[in-house]
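First the structure, in the form of structure tokens, and then the observations on it.
No value in this document is a laboratory result; all are computed from the given coordinates. What you see is a predicted model; the values in this text were computed from it and never measured. Glycine gets a Cβ as well: all are built from the backbone with ideal geometry, and neighbour counts include every protein chain shown.
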Ligand code: TXA
Ligand code: MG
């Protein structure tokens, strides 16, 4: 199959909508990352997604809609979920809702809930409106690779596997949507993203919990609240390690670790904040953005991790940022990409 990577003109969006209705897969931009879409009601098309991505079938998919009226066709909407729909959709938020039987089992991996999201990106909105069916769309990467934030990233993973990619430029947020479960006693964030804990608490008027597996690996025998948390994810091919500590300690540790890795014949790269670029000049180093702007770090993160692969970097060291607000989403992705390997800069002698 040849893959057409085309600009998201009105005509191409209509064509993509028709492909979706015909049971084909289409990749499209959203405000978070690019998605790989299929008609949620078409079981055969949904199964093709798992094949194209190499995704395990026990990892459920998010159904994307363009208007509230579509909810009724796929799920019931409990009170707390209704508030989230009213106040925070469209936007980078996914809410688990009790599913209806219209949704095939392969979408929810047999779970009693379906994940629902209404993207705010104008191209995603236009595409969903054009086909007017709920569209399941995981991130459009091969399973295990960093999520795609440009059409080129999608093409790198999906070339020859899908008929069309709509190119809408870079995704603004850069990390996937916040996944929240509001069906239990307390609302709980299963995956942090563009909608923060504070934003959820402000509209719900109650405490929102964060799933323990957000900031650490699943423990032996522990059941994942969200199946996606079980899998190795967002991983560059090189070994990524996070370096924690004061600015001075981290810079000193970076220089030491860099020299050691280089002496061992490794291709090494440092990921640091913009503020530290000058202090590390002369080394192979990339800016993650400004330390006080986690949005900037989120926006760049997956592109940087893919660049590490393109350049065949074998060892990567990165700085940490506070796991608050958007920083929580960044640290969740970085932590998982690093298999939660963190070293203390002060211990690097
Ligand atoms: O920003 C996003 O959410 C992007 C764009 C394309 O919309 N999509 C995305 O989909 O990130 P995906 O499939 O890569 O991630 C969906 C996550 C997985 O971790 C999955 O396990 C979880 O949502 N999930 C889906 N349905 C669930 C359910 N019923 N219960 C618990 N977790 C669920
Ligand atoms: Mg994904």
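Some notes on this structure:
- For the chain: relative contact order, % (alpha-carbon pairs under 8 angstrom, 6 or more apart): 19 percent
- Taking 0.36 nm per residue of separation and subtracting the current Cα-Cα distance, fully stretching the chain between residue 344 and residue 275 would add 22.8 nm.
- Of the residues 101, 287, 139, the one with the fewest other Cβ atoms within 10 Å heads the list, and the complete ranking is 101, 287, 139.
- Among 41, 254, a tally of other beta-carbon atoms within 10 Å of each Cβ gives an order, fewest to most, of 41, 254.
- Gyration tensor (alpha-carbon) shape descriptor, the chain, a/c threshold 1.5: prolate
- Label separation (residue 266 vs residue 18): 5.3 nm, computed from points 7 Å beyond Cα along the C-beta direction.
- Euclidean distance of C-alpha centroids, region 102-148 and region 261-314, integer Å: 31 Å
- Prolate/oblate/rounded call for region 45-143, Cα gyration tensor, a/c under 1.5 rounded: oblate
- Here the calculated FRET efficiency for residue 244 and residue 11, from their Cβ-Cβ distance with R0 = 56 Å, stands at 0.65, rounded to the nearest 0.05.
- Length gained on full extension, residue 86 to residue 310, computed as 0.36 nm times the residue gap minus the Cα-Cα distance: 76.5 nm.
- Sorting 2, 32, 108, 76 from the fewest to the most surrounding beta carbons within 10 angstrom yields 2, 76, 108, 32.
- Per residue, the average separation of C-alpha pairs within less than 8 Å and at least 6 apart gives region 125-200 a relative contact order of 19 percent.
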